[in-house]
Amino acid sequence: MQHTKFGEMIKDRRIVAGMTLRSFCRETAIDPSNWSKIERGVIAPPDDPELIGRIVGLLGLSGAEETELGDLAAIARGQIPADLKDEELLAKMPAFFRAIRGQTYARDDFEKLMSGVEKLHKP
Amino acid sequence: MRTNSEIWEIVENLRCAHATLKVEQLPLDLISFVELDLRLDLIPYDGLKNDFGADAAILADFSGCYIDGEVFDRIDVVRGSQLNRLRFSIAHELGHLFLHRELFESANIRTPDHLLDWLNEHDGRKYEFEREANEFAGRLLVPVETLRECFDRMLPAMDGKYGRHAWVSNAEIRSKTAELIAPRFGVHPIAIETRFDREGIWPSPF
């Protein structure tokens, strides 16, 4: 499958290999929170050849796929991440909340929640 | 409003469609199901539980699910009640995904104010949605036939020790039975007691 983004390609190949985010990160000694952002295109891919080599080996990528991955990484590193538009931020908010305390959410809570969501989806 | 039977049918159709949910693999590995079968992103959110009282929350575009950051960091090592709670929370969020996605999308939320109202009220149906998501989670994590098998295996011992009339109406025996069964499914014993009632497994004392 031809991919257009580094994160999409990695996620796709990781899933094909049957690895969850955490198991992949454990095998490659990468921080899962950061890697989650890389897969979602929030932050740029790593440019450490040794790390890329480990990933290529772990996912069993062919030579052509390794080249494709490198090209996509270079493209992603050259892009300036765009700010989240309002509607994009809303799309990343929770749709439902299983509030264990059973409370309703005040505006202050909601704004805090929104601020936290924004941080997870921008560099 | 969906009936329990309708919710159960949705759950069992999912179970048929995904090997990860087969009853031979209990407790269910919901992390693998979410990430590998459904291809959803699990995104750690620091403070989700402390600040907002939630272990997990499905995203409004249904592309992923937030998980409390502290739990996510320890997902490989958490055991017991913490893991059971996380498992139930994820199953509950899947309930929203499979039961309520269309309703959420039809609400056509375009502003933060509207979303805040929705999160607090779900257009006046919050209790109903939460109940349905809980029922989905319970049925998913505790397949009825396996629960019945576990219960039936314990029957002769309970009959022999207490006599049928005594144990049926004894809350302590019921709780103890649920405690013994719960680890098989990776849920809190209260979830088992709920399934006893909903599935009609624990006999009525009347």
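In segment B:106-153, the residue that is farthest from B:LEU28 (Cα to Cα) out of those that are in a loop (DSSP other than H, G, I, E, B) and among the β-branched types (Val, Ile, Thr) is B:THR111.
Taking the numbered list (1) surrounded by 20 or more Cβ atoms within 10 Å (Cβ to Cβ); (2) at pLDDT below 95; (3) closer than 30 Å to B:ARG148 by Cα; (4) more than 8 Å from chain A (Cβ to nearest Cβ) in turn, B:GLN25 passes all entries but (1).
What do you reckon, is A:ASP71 away from chain B (no Cβ under 14 Å), more than 25 Å from B:ILE75 (Cα to Cα), without any contact (Cβ under 8 Å) to a residue 24 or more places away in the chain and surrounded by fewer than 16 Cβ atoms within 10 Å (Cβ to Cβ)? Yes: the conditions hold for A:ASP71.
Checked against (1) at the interface with another protein chain (Cβ under 9 Å from one of its Cβ atoms); (2) out of contact with any Phe, Trp or Tyr (no Cβ under 8 Å at 6 or more places or on another chain); (3) among the polar types (S, T, N, Q), B:SER169 passes all but condition (1).
Scanning segment A:77-101 for residues that are touching a Gly at 6+ places or on another chain (Cβ under 6 Å) and surrounded by 10 or more Cβ atoms within 10 Å (Cβ to Cβ), we see that the one that is modelled with the lowest pLDDT is A:ILE100.
Condition check: of a type in the set (Lys, Arg) and within 19 Å of the chain's Cα centre (by Cα). Does A:LYS112 satisfy that? It is false that A:LYS112 is of a type in the set (Lys, Arg) and within 19 Å of the chain's Cα centre (by Cα). Every condition in (1) in a helix (DSSP H, G or I); (2) open to solvent by less than 40 Å² (accessible area, probe 1.4 Å); (3) modelled with pLDDT of 95 or more is met by B:ARG184 except one, and the failing one is (2).
The values are calculated or read from the model by the stated rules, or taken from the named source; none is laboratory data. What you see is a predicted model; the values in this text were computed from it and never measured. Please note: Cβ atoms are built from the backbone with ideal geometry, for glycine as well, and neighbour counts cover all protein chains shown. When the accessible area is computed, the model is the full protein with side chains, heavy atoms only, and any ligands, DNA or RNA have been set aside. Shrake-Rupley method; radii C 1.70, N 1.55, O 1.52, S 1.80 Å.
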